[in-house]
Amino acid sequence: MRIRINGENREIPSAINLLHLLEKELKLEPLRVAVELNRLIVSREDYKKTIVNENDELEIVHFVGGG
Amino acid sequence: MNIINVKINEKNCQIANGKKLAEIIAEFKPDANLFIVNGFPQTPDYQIYEGDLIVLIKKGEVPSSDEMAALLAARQTPGVTEQLRQSVVGIAGVGGLGSNVAMSLARCGVGELILVDYDVVEPSNLNRQAYFVEQIGQPKVLAMRDILLKCNPYVKITVHLAVLSPPLVETIFNRADVVVEAFDVPETKAMLLNSMRKFLPNKPGVFASGLAGDGVASLITTRKVYHNIYLVGDSVSEAAPNIGLMAPRVTLAAGMQANAVLRILQGKDVVE
């Protein structure tokens, strides 16, 4: 199915949760991101129970170290 | 005779219309040798207009306490200092980013800075952070307060010697107009963003990610990521073995964060 991540289309397997999307599809460390799903922030503790649906819009901010 | 209102070294004055700056200098400060009008140096033949903000400085002379604030702010864009004086900015972490953001905002005359950091100044900080060798061992928030007040004694500095946790994000930054994320560790950066979206959802925030090494400077940009949330950096340059953190890029990012804050506080768009 198709979703949008940071403004770009992306094909992902259907019926996956947000944690799986972050770790397995995007290879991102969940503790280093913030995620808005359809413009609403998703709490970290809800990543696993949040199912990503067709046409969802995700804005993912991923941080790298240094300051 | 036509009278106009001007400010001379912060005092409201009424003068006759049509005067040149040279006449003002002769009357108010004959020994001045630097003349700033509306934030810009002028020559004595400058024609004075209604509302002009005139600052007359004798180079090398320490101003009296009643003139100091005006003279420190003489090169600011007119009106900005008054606006910033009412503002409160929270700074999460006073390391490479935060110490330099704090320096910029204190020099601009932001009314109050709320500094949060648990750490002490140590030698490896000094290649990019605003501290001095003699401050090694001092808590950063206290060392920073000392430096900031030396640059601008009119800024209120509130310090929290603490590890920032999600509940503290709300209690400490609730009264801030803008929050600056200036941490080093990516998990802490993400914690602050998540906590702000949860507890302070409309609070403007200026974050940073991707400023390590000596990559091309112009790759560092400011972009809007969420409503009221901005991110400075190139998003990829991560501190890692063989990629250090160095003053040019770190202070560049800090300057861009401070400029974003300056624009937010004036109600200006942060990105084009």
Residues losing 30 Å² or more accessible surface upon assembly, the stretch B:235-266, compared with the chain by itself, 1.4 Å: B:Glu238
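Give me the percent relative contact order of the stretch B:80-265, please, defined on Cα pairs under 8 angstrom at least 6 residues apart. All intermediate terms of the calculation are to be shown ahead of the outcome.
Values: 384 pairs, mean separation 44.9, N = 186.
Over the stretch B:80-265, the number comes to 24 percent.
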Considering only protein heavy atoms, what is the solvent-accessible area of B:Lys224 at a probe of 1.4 Å, reported in Å² to the nearest 10? 110
Accessible-area composition of chain B, carbon plus sulfur, in percent [1.4 Å probe]: 54
Probe radius 1.4 Å, ligands and nucleic acids left out: can you give me the accessible area buried at the A-B interface, summed over both chains, in Å² to the nearest hundred? 1900
If you count only protein heavy atoms and use a 1.4 Å probe, how large is the accessible surface of B:Val185, to the nearest 10 Å²? 70
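Assigning unit charges at the beta carbon (Lys, Arg +1; Asp, Glu -1) and nothing else, what dipole magnitude in debye, to the nearest 20, does chain B show about its Cα centre? Let's see the in-between values first.
On the way: 25 positive and 27 negative charges, 71 e Å.
That gives a dipole near 340 debye.
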Roughly how far apart, in whole Å, are the Cα centres of the stretch B:118-181 and the stretch B:210-272? 19
Where in the stretch B:56-92 does the label zone of B:Tyr49 land, with the point 7 angstrom along Cα→C-beta and an amide N cut-off under 20 Å? B:56, B:74-81
Solvent accessible area, Å² - A:Arg10, 1.4 Å probe, full protein context: 90
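Within chain B, what percent of beta bridges assigned by DSSP are antiparallel, to the nearest 5? Could the numbers behind the result be given before it?
Details: 20 of 42 bridges.
The antiparallel proportion sits near 50 percent.
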Roughly speaking, to the nearest percent, how much of chain A's 1.4 Å accessible area is carbon and sulfur? 45
Antiparallel versus total DSSP beta bridges in chain A: what percent is that, nearest 5? 85
Only bridges whose two residues both fall in the stretch B:171-237 count here: according to DSSP, what percent of them are antiparallel, nearest 5? 45
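How do B:Phe199, B:Phe207 rank by accessible surface area computed with a 1.4 Å probe, from largest to smallest? Working shown, then result.
Working: B:Phe199 70, B:Phe207 0 Å².
Largest to smallest exposure gives the sequence B:Phe199, B:Phe207.
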Taking only protein heavy atoms and a 1.4 Å probe, what accessible area per residue, in Å², does the stretch A:2-62 have with all protein chains in place? 60
Quick one: plug the Kirkwood hydrodynamic radius of chain B (C-alpha pairs) into Stokes-Einstein at 20 °C, 1.002 mPa s, and report D in µm²/s. 106
Please pull out the direction-averaged projected area of the protein assembly as shown, using the convex hull of its alpha-carbon atoms, in nm² to one decimal place. 20.5
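The values are calculated or read from the model by the stated rules, or taken from the named source; none is laboratory data. Keep in mind the model is a prediction, meaning the values are calculated, not measured. FYI the Cβ positions are ideal-geometry reconstructions off the backbone, even for glycines, and counts take in every protein chain you see. Please note that ligands, DNA and RNA were not included when accessible areas were found on the heavy atoms of the full protein model with its side chains. Shrake-Rupley method; radii C 1.70, N 1.55, O 1.52, S 1.80 Å.
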